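K.L.:
Before we start, here is the structure in question, set down as structure tokens.
Please treat every number below as a calculation from the coordinates, not as lab data. Since we're looking at a predicted model, the values are computed, not measured. Quick reminder, even Gly has a Cβ in these numbers, built from the backbone with ideal geometry, and neighbours come from all protein chains shown.
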Amino acid sequence: MAAENQSTVIEFILLGFSDNPRIQPFLFKLFSFVYITNLAGNILLIVAVKTDNHLHNPMYLFLINLSILDICYTSIIVPKMLLNIVWSAKTISYTGCVLQVYFYLFVSETECILLAFMAYDRYVAICNPLRYNVIMNTVSCTRMIGLSWMVGSTIACFDIYFVCHLKFCGHVTINHYFCEAPSLLQLSCGDISMDNIITLVGGFMLLLIPLCLILFSYIHIFLIIVKLPAGRSKAFSKCISHVIVVTIFYGTAIFVYMRPRNSDTGVTDKIVSLFYTNVTPMLNPLIYSLRNKDVQKALGRLARRTIVLR
């Protein structure tokens, strides 16, 4: 069936955000800045953790993997989007579109699970600190990370199977800036009732359940923080920033993937999807890592070593 689709639809046209030539330079500069900021922040964190022995502990395994996922996240989408802004022909091949959907789902679904494990890590650290080193040791953290990647890859393979069996009947114009599963479903001319059910079930498993677990963990964390004799405002500030970023990531994804599709909502989807494809990957290094004193000290040591080597 995939071969049949390719014979019918060789390539798709991605409409992007606007055809107005006056807006294109601004969009190119904006998304280039967001992409470079995302790469710089996440690469800097990875290098700092890898080169500093003080940060070689289980918690930073999660942060390194989150940074890798965020780099992959935007690299799957933004470079092609920037090329389409520059070039007049805003096309992507059928194979390229399917690959973009698969890798995007793989990375995003892995991150959904990883963020839930990271919330559990913070829950244990604050609510059960005496047993933290026993519960969240290197072996258990590695298993959680491996499980995140394995489940993300498996579910993405299952999802892409249904995408490859969509019928497009010559419809090639995608009202989006990248190949996203809901946009392809809306473009399909066949029966997509089963695909919609799979999307809802997947959204429930990978978006609603992790979000509920994360919020449940932070409720317990807040209850512990309230009882602290000192440092409550700083702890509250850090946890609230975590909750805000997580809520933006999951909330916008839930809006796009789990609502009924009775009309063309391409413009709304494009704006909302910016938050989980560009904004949160850029904010994650700042919120989760670069505000951390240990990471700041590691970055200082890295900067001094770099200066000495020069």
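K.L.:
As a check on your grasp of the helix formula, calculate [θ] at 222 nm for the chain: sum -39500 (n - 2.57) over DSSP H runs of n ≥ 4, divide by the residue count, round to the nearest 500.
P.N.:
Calculated from helices alone, the mean residue ellipticity at 222 nm is -24000 deg cm²/dmol.
K.L.:
What Cys residues in the chain have no fellow cysteine's beta-carbon under 4.7 angstrom?
P.N.:
CYS72, CYS112, CYS127, CYS141, CYS157, CYS164, CYS212, CYS239
K.L.:
Going by C-beta contacts inside 10 Å, put HIS242, HIS220 in order with the fewest on the left.
P.N.:
Starting with the residue having the fewest Cβ neighbours, the order is HIS220, HIS242.
K.L.:
Okay, moving on. Which of the peptides 171-179, 85-93 is most tightly packed, and how do the rest follow, going by the mean number of other Cβ atoms within 10 Å of each residue?
P.N.:
Result, highest mean Cβ count within 10 Å first: 171-179, 85-93.
K.L.:
Could you give the radius of gyration (one decimal) and Dmax (whole number) of the Cα atoms in segment 157-301, in Å?
P.N.:
Rg then Dmax for segment 157-301, in Å: 19.7, 66.
K.L.:
Please determine, in degrees from 0 to 90 and to the nearest 10, the orientation of helix 193-203 with respect to the longest principal axis defined by the Cα atoms of the chain, where the helix direction is its Cα long axis.
P.N.:
10
K.L.:
Quote the FRET efficiency, to the nearest 0.05, computed for MET205 versus CYS127 with a Förster distance R0 of 30 Å and r equal to the Cβ-Cβ distance.
P.N.:
0.75
K.L.:
Once the Cα gyration tensor of the chain is diagonalised, what are the square roots of 5 times its eigenvalues, in whole Å and ordered largest first, as equivalent ellipsoid semi-axes?
P.N.:
Here the semi-axes work out to 37, 23, 17 Å.
K.L.:
Still on this structure: Cα atoms only: what Rg and Dmax, in Å, come out for segment 75-137?
P.N.:
According to the Cα coordinates of segment 75-137, Rg and Dmax are 19.6, 60 Å.
K.L.:
Calculated FRET efficiency, CYS169 and SER88, Cβ-Cβ r, R0 35 Å, to nearest 0.05?
P.N.:
In this case the efficiency is close to 0.85.
K.L.:
From the phi angles alone, apply the Karplus equation (6.51, -1.76, 1.60; θ = phi - 60°) to segment 268-274 and give each ³J(HN,Hα) in whole Hz, x where the residue is Gly or Pro.
P.N.:
So the Karplus estimates, Gly and Pro as x, are 4, 4, 5, 5, 5, 5, 4 Hz.
K.L.:
Hey, what angle do you get for helix 94-127 against the long axis of the chain, alpha-carbon based, 0 to 90 degrees rounded to 10?
P.N.:
Tilt relative to the chain: about 20 degrees.
K.L.:
Can you give the angle from 0 to 90° between the axis of helix 138-164 and the longest principal axis of the chain, with both taken from C-alpha atoms, to the nearest 10?
P.N.:
Taking the Cα atoms of the chain, the angle to 138-164 is about 10 degrees.
K.L.:
Give me the number: length gained by fully extending GLU11 to GLN296, i.e. 0.36 nm times residue separation minus the C-alpha to C-alpha distance, one decimal in nm.
P.N.:
Taking 0.36 nm per residue and subtracting the Cα distance, the gain is 98.0 nm.
K.L.:
Still on this structure, I have one more. Count the lysine pairs in segment 2-309 whose Cα atoms lie under 17 Å apart, taking only pairs 8 or more positions apart in sequence or on different chains.
P.N.:
Count of close lysine pairs: 9.
K.L.:
At ASN137 and ILE248, where each label point lies 7 Å from the Cα along Cα→Cβ, what is the point-to-point distance in nanometres?
P.N.:
Inter-label distance under the simple model: 3.8 nm.
K.L.:
Mark the label point 7 Å from the Cα of PHE26 along Cα→Cβ and return the residues of segment 51-81 whose backbone N is within less than 20 Å of it.
P.N.:
81
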